[in-house]
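Novice: Can you keep this structure in mind? I'll have questions shortly.
Here, each number is a calculation from the coordinates, and none is a lab measurement. These numbers were taken from a predicted model, which means no experiment stands behind them. Because the Cβ atoms are built from the backbone with ideal geometry, glycine has one as well, and the counts that use them run over all protein chains shown.
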Amino acid sequence: MIKLIVSDMDGTLLNEEIELSDENLAAIKAAQAHGIHFAIATGRDYQTGYTIVQERGINCSFFGLNGAIGYDEDGNRLYTKNLKPSTVQTLLHVLDREDVHVNIMTDKGVYSTNYEREREYLRHVLSDINKTLAPERLEEKLDLFLEQHNITYLNNFQELIRRDDEEILKVSAQTTAGEEMLTELKDTLLQAADDIVITASSAMNLEINHKDATKGFAVATYARELGIDHTEVLTIGDNINDLSMLEWAEHGTAMANAAPEAKETAAYETGSNSEHGVAQIINRVLAGEIY
């Protein structure tokens, strides 16, 4: 019997308009009404992720930045898995030699050093998510996306690294140079630092966390606190940063639009994010087809 459902956001719960559909909303609320726990596990931070579901009336636990930070249903912080300042320095030393745009995510916000590159990268991401968006609509979505993320722009990251009152939880390296370049960069970073894990949320980025900060860790920790076994958990995702939770849960589910690695790892496949795939798989649970 499924007692816990955990969903990714971008490419999974959210459609191509980066919105939570009425169909997905209704399915989540129906699951909760049946006593099934629901939670979010995303690469987003709390501020930009939880706001979307909260505005639609969903109250749930939230695991952000790929599992580096967790919050309960009331917004209380459960834990953090931060990167050491020395590790961040090592990562930046490598990344500064490459043609990549870098974001740093902390327990208090998102930071960048270049607004134009931020906007250029996000334009590529949004156009990749929805290839049919008209140019003017794309710019509207881009403005909204940047507003939601509320990015703080710094001259450099050194001041941030030195802060004692802020924990660095994720470093993101972004480029449109292609997957081959990112694969080589991933190998270089893993050789430079032994206390990290590297995943991705698209074919245009690398997401670097503490080695224990994964969505799989987050889901396993939460399930254990609820007294729920992995055989009673259904996870839903679409990309590389979802693999750990798709593998840990017996009922891992990949979206139709998922990366090949996610489909290979998952036990089930559902519709795409534009087809309300989250609602489809939840409704199968509620109908007793998956238990």
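Novice: With all distinct Cα pairs included, what does the Kirkwood hydrodynamic radius of the range 228-278 come out to in Å, to one decimal, could you say?
Specialist: Hydrodynamic radius (Kirkwood, Cα pairs) of the range 228-278 is 10.4 Å.
Novice: Further question: Would you mind computing the Rg to Rh ratio of the range 85-133 from its alpha-carbon coordinates, Kirkwood style for Rh?
Specialist: Values: Rg = 13.5 Å, Rh = 12.6 Å.
Reported Rg/Rh, Kirkwood definition of Rh: 1.07.
Novice: May I pose another question? Thr235's amide H: which non-local residues (gap 5+, or another chain) put their own amide H closer than 5 Å, with H modeled 1.01 Å from N in plane and none for Pro or chain starts?
Specialist: Residues meeting the criterion, in which the H sits 1.01 Å from N, are Val6, His251, Gly252, Thr253.
Novice: Then there is this: Which one of Gln32, Gly11, Leu226 is farthest out on the positive end of the charge dipole of the chain, using unit charges on Cβ (Lys, Arg +1; Asp, Glu -1) and the Cα centre as origin?
Specialist: After comparing all options, I get Leu226.
Novice: Would you mind checking the pairs Lys170/Lys211; Lys3/Lys170; Lys81/Lys170; Lys141/Lys170 and listing those with alpha carbons more than 19 angstrom apart?
Specialist: Violating the 19 Å limit, Cα to Cα: Lys3/Lys170; Lys141/Lys170.
Novice: Which of the listed residues, Gly109, Asn257, Tyr79, is farthest toward the dipole's positive end in the chain, when Lys, Arg count +1 and Asp, Glu count -1 at the beta-carbon?
Specialist: The one lying farthest along the dipole's positive direction is Tyr79.
Novice: Using the beta-carbon distance between Ala287 and Asn156 and R0 = 45 Å, what value does 1/(1 + (r/R0)^6) give for FRET efficiency, to the nearest 0.05?
Specialist: Numbers: r = 54 Å, r/R0 = 1.20.
Here the calculated transfer efficiency is 0.25.
Novice: About the Cα centre, and with charges only on the beta carbon of Lys, Arg (+1) and Asp, Glu (-1), how big is the dipole of the range 177-227? Nearest 20 debye, please.
Specialist: Using Cβ point charges on Lys, Arg, Asp and Glu, the range 177-227 gives about 260 debye.
Novice: Stick to Cα atoms and the Kirkwood definition of Rh, then tell me Rg/Rh for the range 36-122.
Specialist: Here Rg/Rh amounts to 1.04.
Novice: Could you work out [θ]222 nm for the chain from helices alone, using -39500 (n - 2.57) per DSSP H run of at least four and dividing by all its residues? Round to the nearest 500 deg cm²/dmol. Each step should come with its number before you reach the end.
Specialist: Numbers: 11 runs with 116 residues, N = 291.
-12000 deg cm²/dmol, from helical runs alone.
Novice: If you don't mind, another one. Go through the range 37-116 and name the trypsin sites (Lys or Arg not before Pro) that are in a DSSP coil and have 11 or fewer other Cβ atoms within 10 Å of their Cβ.
Specialist: Answer by residue number: Arg97.
Novice: Could you work out how far apart the two model spin labels at His93 and Thr80 are, taking each label as a point 7 Å from the Cα in the direction of the beta carbon, and quote it in nm?
Specialist: For the pair His93/Thr80, the computed spacing is 2.4 nm.
Novice: Take every Cα-Cα pair in the range 171-268 and report what % of them are more than 18 Å apart.
Specialist: Percent of Cα pairs beyond 18 Å in the range 171-268: 51.
Novice: Report the calculated FRET efficiency for Glu275 and Leu226 (r = Cβ-Cβ distance, R0 = 41 Å), to the nearest 0.05. Don't skip to the answer; put the middle values down first.
Specialist: Details: r = 30 Å, r/R0 = 0.73.
Approximately 0.85, to the nearest 0.05.
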